[in-house]
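Inspection log for the structure reproduced underneath, given as structure tokens.
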Amino acid sequence: MKKLGVLTSGGDAPGMNAAIRAIVRKSIFHGLEVVGIERGYSGLIAGEFREMNLSSVADIIHRGGTVLRTARSETFRTPEGRGKAAQNLRAQGIEGLVIIGGDGSFRGAQALSHEFGVRFIGVPGTIDNDIPCTDYSIGFDTAVNNVVDAINKIRDTATSHERTYVVEVMGRNSGAIALDAGLAGGAETILIPEIKVNLDEVTEKLWRGYQRGKLHSIIVVAEGAGSAMEIGKAIKDKTGFDTKITILGHIQRGGTPTAFDRTIASRMGAMAVDLLMDGQDNKMVGIISGQLKDFDIDYALSQEKNIDKSVYELASILAI
Ligand code: ADP
């Protein structure tokens, strides 16, 4: 193999830059040429290609987002769109692709590979940590730390004013951020889409705390577990407590990536290059119990990523 391509796709995640840097520098170390494809699959179809060299990735390891930009592409969901993408890759002489993105991006790559024989390795990059076959995806740790920072600040005002705060965090289908940030932030209650909780249980717990003299509470809600506005209003109506709602939104995915995200991004990116050089493809890289592993993409996408229910139970016990 002489030339490979790299792109970031789907939602941006802090640490994607560290992965791009690792892919570019590891490839150059082995004498390969590397092409950066801008704006994910959209740029792949439009031919937004640029040669990458050692200095193209200088000074980016500490920056959030992705220097290659990212996008969502409806055209890539069609066989015609993917055909154009495959044609552009052939025209550029790109023999393998590294795709940094979430499960949607992996499904797109899987189709491109099945239909047009494009060789690829997927590197999991999403703050949601909802990709099977990996304990962590790039960006999750930074997002959790961003949420914990916000909870710390909210706690100061919650304590001072003796208020109940409902804090909405990202996660339409996954409670991973809510769970880890809720545990680390000492939230009294965590609401996630994976575990249905009756709102009466939440208010009863608030009452029990109130009777013991606990006058402030933090409830962390993942987007997919219900509307923070409605939950906050229901709590206020049922308890009469001064209840405020904070929706953290996009600040969760920004900022400098944590050391953990930079480390796994560097290791996973480098491994993706090794796999392509070794003649392997149609796989994703994952990290399991601290060890890098590779998984066939068809297998990986047929699996489910579940949250660890024992962590949820522990968070409930500790937040008495
Ligand atoms: P993420 O990779 O973060 O999960 P998306 O689900 O938005 O983000 O997927 C990113 C892009 O991947 C989409 O805009 C689309 O171009 C492509 N894609 C997603 N799912 C499929 C699919 N089933 N078939 C083909 N392409 C897909």
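At-a-glance table
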| read-out | value |
| --- | --- |
| Unique match (being on the phi < 0 side of the Ramachandran plot, under 17 Å from the mean Cα position of the chain (by Cα) and within 7 Å of the ligand (Cβ to nearest atom)) among Gly104, Gly64 | Gly104 |
| All positions within the stretch 137-154 that are closer than 25 Å to Gly286 by Cβ and not charged (D, E, K, R) | Ser137, Ile138, Gly139, Phe140, Thr142, Ala143, Val144, Asn145, Asn146, Val147, Val148 |
| Condition check for Glu74: surrounded by fewer than 17 Cβ atoms within 10 Å (Cβ to Cβ) and free of Cβ contacts under 8 Å to residues at least 40 places away in the same chain | yes |
| Residues located in the stretch 185-198, provided they are closer than 17 Å to His216 by Cα and either small (Gly, Ala, Ser) or within 19 Å of the chain's Cα centre (by Cα) (or both) | Gly185, Gly186, Ala187 |
| Segments classed as strands (runs of 3 or more DSSP E), wholly inside the stretch 210-320, with at least 3 members that are buried (at least 18 other Cβ atoms within 10 Å of the Cβ) | 217-222, 243-247, 283-288 |
| Complete set of residues in the stretch 36-61 that are out of contact with any strand residue (DSSP E or B) (no Cβ under 8 Å at 6 or more places or on another chain) and either more than 28 Å from Gly255 (Cβ to Cβ) or near the ligand (Cβ under 9 Å from one of its atoms) (or both) | Ser42, Ile45, Ala46, Gly47 |
| Scan of the stretch 2-23 for residues that are assigned to a loop (DSSP other than H, G, I, E, B), touching an Asp or Glu at 6+ places or on another chain (Cβ under 8 Å) and either surrounded by fewer than 24 Cβ atoms within 10 Å (Cβ to Cβ) or not small (Gly, Ala, Ser) (or both), ordered by number | Lys2, Gly11, Pro14 |
| Enumeration of residues in the stretch 31-60 that are closer than 29 Å to Ala259 by Cβ, in contact with a helix residue (DSSP H, G or I) (Cβ under 6 Å, 6 or more places away or on another chain) and in a loop (DSSP other than H, G, I, E, B) | Ile60 |
| Some residue of the stretch 6-29 being within 16 Å of the ligand (Cβ to nearest atom) and farther than 20 Å from Met284 by Cβ | no |
| Subset of the stretch 61-81 (residues that are acidic (Asp, Glu) and not in a helix (DSSP H, G or I)) | Glu74 |
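Results for (1) within 16 Å of the ligand (Cβ to nearest atom); (2) assigned by TED's automatic domain parsing to the domain that holds Gly185; (3) of a type in the set (A, V, I, L, M, F, W, C), shown as yes or no for each residue.
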{"residue": "Ile131", "(1), (2), (3)": "yes, no, yes"}
{"residue": "Asn146", "(1), (2), (3)": "no, yes, no"}
{"residue": "Ala150", "(1), (2), (3)": "no, yes, yes"}
{"residue": "Asp156", "(1), (2), (3)": "no, yes, no"}
{"residue": "Thr159", "(1), (2), (3)": "no, yes, no"}
{"residue": "Arg172", "(1), (2), (3)": "yes, yes, no"}
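Each row is one residue, and each column tells you yes or no for (1) over 25 Å from Ala143 (Cα atoms); (2) in contact with a Pro (Cβ under 8 Å, 6 or more places away or on another chain).
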site	(1), (2)
Pro14	no, yes
Lys26	yes, no
Gly31	yes, no
Gly36	yes, no
Arg39	no, no
Leu54	yes, no
Thr78	yes, no
Lys84	yes, no
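The values are calculated or read from the model by the stated rules, or taken from the named source; none is laboratory data. None of the values given here were measured: they were computed from a predicted structure. Because the Cβ atoms are built from the backbone with ideal geometry, glycine has one as well, and the counts that use them run over all protein chains shown.
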